[in-house]
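Notes follow the structure.
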Amino acid sequence: MRAFALTLIASLAAGVSAAAQEQTITLKPGPGLDKVQTNCSSCHSLAYIPMNSPFLNAAGWNGEVTKMIKAMGAPIGDDDAKAIVDYLAKNYGV
């Protein structure tokens, strides 16, 4: 029983360590990338961008950025928001 408990604890510890490691995301280069990296990654992983790209067109990305600002309270200025939407629509829009 003690060996089982030690094995379980070791397995859980390894799982927590692996889960804590976030994958590195490299986004496509282009105008506005710096705004995306600075503003978006301060709250969540940039992995959401390519993950959602098959579903969002320019209007969809605009809605997502607007939601982050108005509903989630992201402190993004109007100029940065426009640059972010333009970047996402051009590089990750459908």
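Read-outs: derived from the displayed coordinates by stated rules, not from any lab. Since the structure is predicted, the reported quantities are computational estimates derived from the model, not experimental observations. Methodologically, a virtual Cβ is constructed for each residue, glycine included, from the backbone with ideal geometry; neighbour enumeration extends over all protein chains shown.
Summary table below
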{"quantity": "For region 68-76, Karplus couplings with θ = phi - 60° (6.51, -1.76, 1.60), whole Hz, Gly/Pro x", "calculated": "4, 6, 7, 8, 9, x, 5, x, 10"}
{"quantity": "Rough spin-label spacing in nm, given labels placed 7 Å along Cα→Cβ, for Asn52 and Thr24", "calculated": "2.5 nm"}
{"quantity": "Kirkwood hydrodynamic radius of region 24-92, from inverse mean 1/r over distinct Cα pairs, in Å", "calculated": "11.8 Å"}
{"quantity": "For region 31-47, 3J(HN,Hα) per residue [Karplus equation, 6.51 cos²θ - 1.76 cosθ + 1.60, θ = phi - 60°, Hz, x = Gly/Pro]", "calculated": "x, x, 4, 4, 5, 4, 4, 6, 7, 6, 6, 6, 10, 8, 5, 6, 4"}
{"quantity": "Set of aspartates and glutamates near Lys90 by C-alpha distance (under 19 Å), chain-local residues within fewer than 8 positions excluded", "calculated": "Asp34, Glu64, Asp78, Asp79, Asp80"}
{"quantity": "Candidate lysines for bridging to Lys70, where Cα separation is under 20 Å - those fewer than 8 sequence places away on the same chain excluded", "calculated": "Lys35, Lys82"}
